[in-house]
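K.L.:
Provided herewith is a single structure, encoded as structure tokens, for subsequent inquiry.
The values are calculated or read from the model by the stated rules, or taken from the named source; none is laboratory data. As the structure is a computational prediction, the values presented were derived from the model and not from experiment. Cβ: placed from backbone, ideal geometry, glycine included. Neighbour counts: every protein chain shown.
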Amino acid sequence: MKSRLAFLSTVGLLLTACVHTQTTKVTEADVINKHWQLVSVNDQAVTPMGNKLPQIHIDSTLNATGIAGCNNFFGQAEWQDGQLRIEKMGMTMMMCPPPLNEIEQDITATLSNWSTVTLEQNRLILQGAEHTLTYQQAE
């Protein structure tokens, strides 16, 4: 009886181990030289307003450019232990209409500070202290 119970326990543990997917650490190479378009902020879908859609691109020298809402931004990205930030972010200063102004504030606040980076399929997720930005890889 004890051996049967031990066997069933072992099988249960093995099945549990198979269910969990292994997560791999995201590297710079996974993110750079790709165009990413914002699809949600804090799990709320972002719909394009006008002809600009929030987006980000980081090149091989870690120069970051993009659109935060209605303003263009630029800066030097930094990568450290699976976290990303854009140091000394500069941007144009056009006035954004609501709700784009709030989205732009969430984006700039998140990108200016360290955010944990994860990739799920073709989605780049930046988890900051206050906001979560989800980008879809553009074609």
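K.L.:
Output the residues belonging to region 80-94 that are in contact (Cβ under 8 Å) with a residue 24 or more places away in the chain, assigned to a loop (DSSP other than H, G, I, E, B) and over 13 Å from Gly50 (Cβ atoms).
P.N.:
Matches in region 80-94: Gly82 only.
Every residue, every condition in (1) out of contact with any strand residue (DSSP E or B) (no Cβ under 8 Å at 6 or more places or on another chain); (2) in a strand (DSSP E or B), yes or no:
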{"site": "Thr61", "(1), (2)": "yes, no"}
{"site": "Asn101", "(1), (2)": "yes, no"}
{"site": "Leu111", "(1), (2)": "no, no"}
{"site": "Leu124", "(1), (2)": "no, yes"}
{"site": "Thr134", "(1), (2)": "no, yes"}
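K.L.:
Cβ-Cβ below 9 Å, separation at least six or inter-chain, first residue in region 98-125 and touching a residue at least 40 places away in the same chain (Cβ under 8 Å), second among the hydroxyl-bearing types (Ser, Thr, Tyr): which pairs?
P.N.:
These pairs meet every condition: Thr118/Thr23; Leu119/Thr24; Arg123/Thr134; Arg123/Tyr135; Leu124/Thr118; Leu124/Thr134; Leu124/Tyr135.
Every residue, every condition in (1) at pLDDT 95 or above; (2) assigned to a loop (DSSP other than H, G, I, E, B); (3) over 19 Å from His131 (Cβ atoms), yes or no:
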| residue | (1), (2), (3) |
| --- | --- |
| Trp36 | yes, no, no |
| Val39 | yes, no, no |
| Ile56 | yes, no, no |
| Thr65 | yes, no, yes |
| Gly69 | no, yes, no |
| Gln76 | yes, no, yes |
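K.L.:
Does Lys88 satisfy the criteria of being surrounded by 15 or more Cβ atoms within 10 Å (Cβ to Cβ) and modelled with pLDDT under 95?
P.N.:
No, not satisfied.
Okay, residues lined up against (1) in contact with a Phe, Trp or Tyr (Cβ under 9 Å, 6 or more places away or on another chain); (2) under 13 Å from Trp36 (Cβ atoms):
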| residue | (1), (2) |
| --- | --- |
| Glu78 | yes, no |
| Leu111 | yes, yes |
| Thr116 | no, no |
| Leu119 | no, yes |
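K.L.:
Here are Gly66, Gly75: which of them is free of Cβ contacts under 8 Å to residues at least 40 places away in the same chain, closer than 18 Å to Glu139 by Cβ, surrounded by 14 or more Cβ atoms within 10 Å (Cβ to Cβ) and small (Gly, Ala, Ser)?
P.N.:
The conditions single out Gly66.
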